[in-house]
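Right, one structure below, let's go through it.
The values are calculated or read from the model by the stated rules, or taken from the named source; none is laboratory data. Model, not experiment: these values are computed from the prediction. In this analysis, Cβ positions are derived from the backbone assuming ideal geometry, glycine residues included, and neighbour counts consider all displayed protein chains.
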Amino acid sequence: MLGTSPPVCFVLAADMARARSFYTDTLGLTETGEDPFAVSYDLAGTTLRLTRIEDHQPGPHTVLGWQVTDIEAAIDALAAKGVQMAIYDGYGQDARGVWTHPGSGAKIAWFHDPEGNNLSLTQAP
């Protein structure tokens, strides 16, 4: 039923000005609209709504990720904008924060937005 309907993604933020700056300026996403509740972005044809929630508390798991062709280049571009990759105890990530999936060989790295939302990069094997 919904398989042919375009999805909409939501990322929550308490401090909209800070979050908007991160998604627009740091990540370089293109804003497509704004209303009293959210700022919308185009994510390669999918809509992302950065939505203000006054008492937002981020969860511990990834809420949004990007498939990239070169994870090292993506990490370098984010690092140049001041973004640090997250390192998790016991995951066996390399010094740059990249974890290699033992079965598939996919490479994954995580980082956080200013609200503490967990975001990721994935490079297919």
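So the values come out like this:
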{"item": "Pairs with Cβ under 8 Å, 6+ apart, first in segment 63-78 and under 17 Å from THR24 (Cα atoms), second of a type in the set (Phe, Trp, Tyr)", "result": "ALA74/TRP66; LEU78/PHE111"}
{"item": "Qualifying positions in segment 7-33 - more than 18 Å from GLY116 (Cβ to Cβ) and in contact with a strand residue (DSSP E or B) (Cβ under 7 Å, 6 or more places away or on another chain)", "result": "PRO7, VAL8, THR24, LEU29, THR30, GLU31, THR32, GLY33"}
{"item": "Pair list, Cβ under 6 Å, 6 or more apart: segment 80-97 residue small (Gly, Ala, Ser), other residue not in a strand (DSSP E or B)", "result": "GLY97/ILE87"}
{"item": "Segments classed as strands (runs of 3 or more DSSP E), wholly inside segment 30-125, with at least 2 members that are β-branched (Val, Ile, Thr), under 16 Å from the mean Cα position of the chain (by Cα) and surrounded by 13 or more Cβ atoms within 10 Å (Cβ to Cβ)", "result": "46-52, 62-67"}
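One line per residue, one yes/no per condition, for (1) among the β-branched types (Val, Ile, Thr); (2) assigned by TED's automatic domain parsing to the domain that holds SER120; (3) at pLDDT 95 or above; (4) under 28 Å from PRO125 (Cβ atoms):
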position: VAL11; (1), (2), (3), (4): yes, no, yes, yes
position: ARG18; (1), (2), (3), (4): no, no, yes, no
position: PHE22; (1), (2), (3), (4): no, no, yes, no
position: THR30; (1), (2), (3), (4): yes, no, yes, no
position: LEU48; (1), (2), (3), (4): no, no, yes, yes
position: GLY65; (1), (2), (3), (4): no, yes, yes, yes
position: VAL68; (1), (2), (3), (4): yes, yes, yes, yes
position: GLU72; (1), (2), (3), (4): no, yes, yes, yes
